[in-house]
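Q: Below is one structure. I have some questions about it.
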Amino acid sequence: MEALTYTALLHYHEVSLKGKNRARFEQILLSRVQEALHGLGLKVSRIPGRILVRGVPEAKRKAVKERLEKVFGLSNFAFALEADPDLDRLAELALRLIPKDAKTFRVSAKRGNKKLPFTSIEAEREVGGRIAAKTGLKVDLKHPELVVFLEFALDRAWVYTDRLRYPGPGGLPVGASGKVMTLLSGGIDSPVAAWRIMKRGAKSAFVHFHSYPHTDFASAVKAKREAEVLAAWQGGARLYLVPLAGVQAEIFAKSPEKYRTLLYRRFMFRIAHRLAEREGAGALVTGDALGQVASQTLENLHAVSKAVDALVLRPLVGMDKVEVIEEAKRIGTYEISILPQQDCCSFLEPRRPATRATPEELDEAERDLRVEDLVEAALGKAELLKLPSPYKGEPLPDPEPPEEA
């Protein structure tokens, strides 16, 4: 039998609800699909309500599936056979898709072209009757083992089965909601926070803080690998590696012990905010979850955030750790995140950290610090890694520890 060549039929839901802005969102989604399928030699086009990827051979179907599963904005997609809107021809093509183990089926038709000389119900009956006559399969409208889908739009038609239909990640296409800067710790939470905000259409740049040489450099390597996983969901990424040891030493020498971790985080926010301005990012994103650790009480989150005049987004704020871990496993960052590391906040960590600090208390604790000089010094030592899309370039080698921290 001749090898099948498919048209991938891409559907979206939330994008289609955008009213006057719909065309802009659809164009961004089209660009994201083209970017995700780069190098596969396929033709991507858009018709009302759908994106089409034509000429998908069986040999490339798995690769196309794996890439489309990472395109935010798609609600689902299917590998279909395309033809003129002729019911005899569609029934013929449908027979090529019927698996040997199926015993019952039904046909579901969606007719976008209302000028066709048949209704959706008539198409279902005609094609279903031909399938039943040729195969002996029984029609079961309520609990079929197989569903055959027919779609009609403009002057074309497509047929596929539920076994060739896959869920997309949903959400909005990356780039539709601007850009953010995610503080990437190397742990479990922050990559999930980045993924969640990317799902809402924001492209993320990343910043990781390390305390090398006072701690090992493993967290920076992990952050780079996490960012590489996330890059597949948004088409590349920019990751800044920033040494924090100089800031921490100053805080250790001049500020009360119980506030150290919170002051570390205030400086992270200041530095991340400066980098966000450099990147044109409109918000900071963190993996904070309310009450998870001492620095994440309601009071401490507020006191830390007051260090910057910036929008701070916390996509995980209402999630528990089990939920975050399950999501990290689904998106592919968990196995990287659990590798051992020495977190920068563990360097010179207070024995009894403050749990209900106020902005005024932290301002007073920073009174003797050269805040702007410390921020500038850290920015001057920041290293930028430009991580390519996995579909457009070779991965970068893991970063090496800086010669001078």
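Only the coordinates and a few stated rules stand behind these numbers; no lab work does. It should be emphasised that the depicted structure is a prediction, and the values quoted were computed from it without experimental measurement. Positions of Cβ are generated from backbone atoms using ideal geometry, with glycine treated the same way; all protein chains shown enter the neighbour counts.
Q: Between LYS62 and LEU396, what FRET efficiency comes out of the Förster formula 1/(1 + (r/R0)^6) with R0 = 25 Å and r the beta carbon distance, rounded to 0.05?
A: E between LEU396 and LYS62, to the nearest 0.05, is 0.45.
Q: Pick from PHE269, PHE209, PHE149: which is most flexible by mean-square fluctuation in a GNM of the chain where alpha carbon atoms under 10 Å apart are linked?
A: Sorting by GNM fluctuation, first place goes to PHE149.
Q: Would you mind telling me the antiparallel percentage of the DSSP bridges in the range 5-167, rounded to 5?
A: 75 percent
Q: For the pair LEU339 and LYS386, how long in nm is the line joining their label points, each one 7 Å along Cα→Cβ?
A: My value for the distance between the label points is 2.4 nm.
Q: Sort 255-267, 389-401 by packing, meaning the average of other beta carbons within 10 Å per residue, with the highest value first.
A: By packing density, highest mean first, the sequence is 255-267, 389-401.
Q: Grab the Cα-Cα distance for ARG352 and LYS329, subtract it from 0.36 nm times how many residues apart they are, and report the gain in nm with one decimal.
A: Gain on stretching ARG352 to LYS329: 5.0 nm.
Q: Could you calculate the contour length gain from LEU290 to THR5, that is, 0.36 nm times the residue separation minus the distance between their Cα atoms, to one decimal place in nm?
A: So the chain would gain 97.6 nm between LEU290 and THR5.
Q: When the Kirkwood radius is taken over all Cα pairs of the range 5-167, what Stokes-Einstein diffusion coefficient follows at 20 °C and 1.002 mPa s, in µm²/s?
A: Numbers: Rh = 16.5 Å.
Using the Kirkwood radius from Cα pairs, D works out to 130 µm²/s.
Q: How many angstrom lie between the Cα centre of the range 7-53 and the Cα centre of the range 369-405?
A: That distance is 34 Å.
Q: Further question on the same structure: Starting at 0 and stepping by 10 Å, how many percent of the alpha carbon pairs of the range 302-405 end up in each bin?
A: Taking every Cα pair in the range 302-405, the percentages come to 9, 23, 37, 26, 5.
Q: Determine which residues of the range 264-300 fall in the zone a paramagnetic label at ASP216 would reach in this model, i.e. backbone nitrogen under 13 Å from the point 7 Å along Cα→Cβ.
A: What the label zone holds, given the 13 Å backbone N cut-off, is no residue at all.
Q: In nanometres, what is the gap between the two model label sites at THR104 and PHE252, each 7 Å from Cα along Cα-to-Cβ?
A: 7.0 nm
Q: Computed over the Cα atoms, what is the radius of gyration of the chain divided by 2.2 N^0.38 Å, N being its residue count?
A: In units of the globular-protein estimate, the chain measures up at 1.22.
Q: Separate question: Would you work out the relative contact order for the chain, in percent, from Cα pairs under 8 angstrom that are 6 or more residues apart?
A: Here the relative contact order equals 17 percent.
Q: Here is the link list: LYS20/LYS392; LYS199/LYS329; LYS222/LYS392; LYS18/LYS329; LYS179/LYS258. Which ones come out longer than 24 Å on Cα distance?
A: Where the Cα-Cα span goes over 24 Å, the pairs concerned are LYS20/LYS392; LYS18/LYS329; LYS179/LYS258.
Q: Compute, for the range 90-129, the length of the dipole vector about the Cα centre, with Cβ point charges of +1 (Lys, Arg) and -1 (Asp, Glu) only. Units Debye, rounded to 20. Numbers along the way, then the final one.
A: Values: 9 positive and 5 negative charges, 32 e Å.
Value, rounded to 20: 160 debye.
Q: Something else now. Dimensions of the range 42-134 along principal axes (Cα, Å, largest first)?
A: Ordered largest first, the range 42-134 gives principal extents of 38, 36, 21 Å.
Q: If R₀ is 30 angstrom, what is the calculated FRET efficiency for the pair LEU141 and ALA83, using the beta carbon separation as r and rounding to 0.05?
A: That pair, LEU141 with ALA83, gives E of 0.75.
Q: Using only DSSP helix segments of four residues or longer, with each worth -39500 (n - 2.57), what per-residue ellipticity at 222 nm results for the chain after dividing by its residue count and rounding to 500?
A: Counting only the DSSP helices, I get -11500 deg cm²/dmol.
Q: Would you mind calculating the gained length between GLU69 and TYR166 on full extension (0.36 nm times residue separation, minus the Cα-Cα distance), in nm to one decimal?
A: Taking GLU69 through TYR166 to full extension adds about 34.1 nm, to one decimal.
Q: With θ set to phi - 60° and the Karplus curve 6.51 cos²θ - 1.76 cosθ + 1.60, what are the ³J(HN,Hα) couplings of the range 271-276 in order, to the nearest whole Hz, using x for Gly and Pro?
A: Once θ is set to phi - 60°, the couplings for the range 271-276 become 5, 4, 5, 5, 5, 4 Hz.
Q: When the chain is treated as a GNM, springs tying every alpha-carbon pair under 10 Å, which of ARG22, ARG130, ARG352 comes out with the largest mean-square fluctuation?
A: ARG352
Q: Take the eigenvalues of the Cα gyration tensor for the range 158-216, scale each by 5, and report the square roots as semi-axes in whole Å, largest first.
A: Equivalent ellipsoid semi-axes, largest first: 35, 15, 7 Å.
Q: What whole-number volume per residue, in cubic angstrom, does the convex hull of the C-alpha atoms of the range 179-387 give?
A: In the range 179-387, the Cα convex hull volume per residue is 106 Å³.
Q: LEU379 to LYS115: FRET efficiency via 1/(1 + (r/R0)^6), r the Cβ-Cβ distance, R0 45 Å, to the nearest 0.05? Can you show the working numbers first?
A: On the way: r = 62 Å, r/R0 = 1.38.
Calculated transfer efficiency: 0.15.
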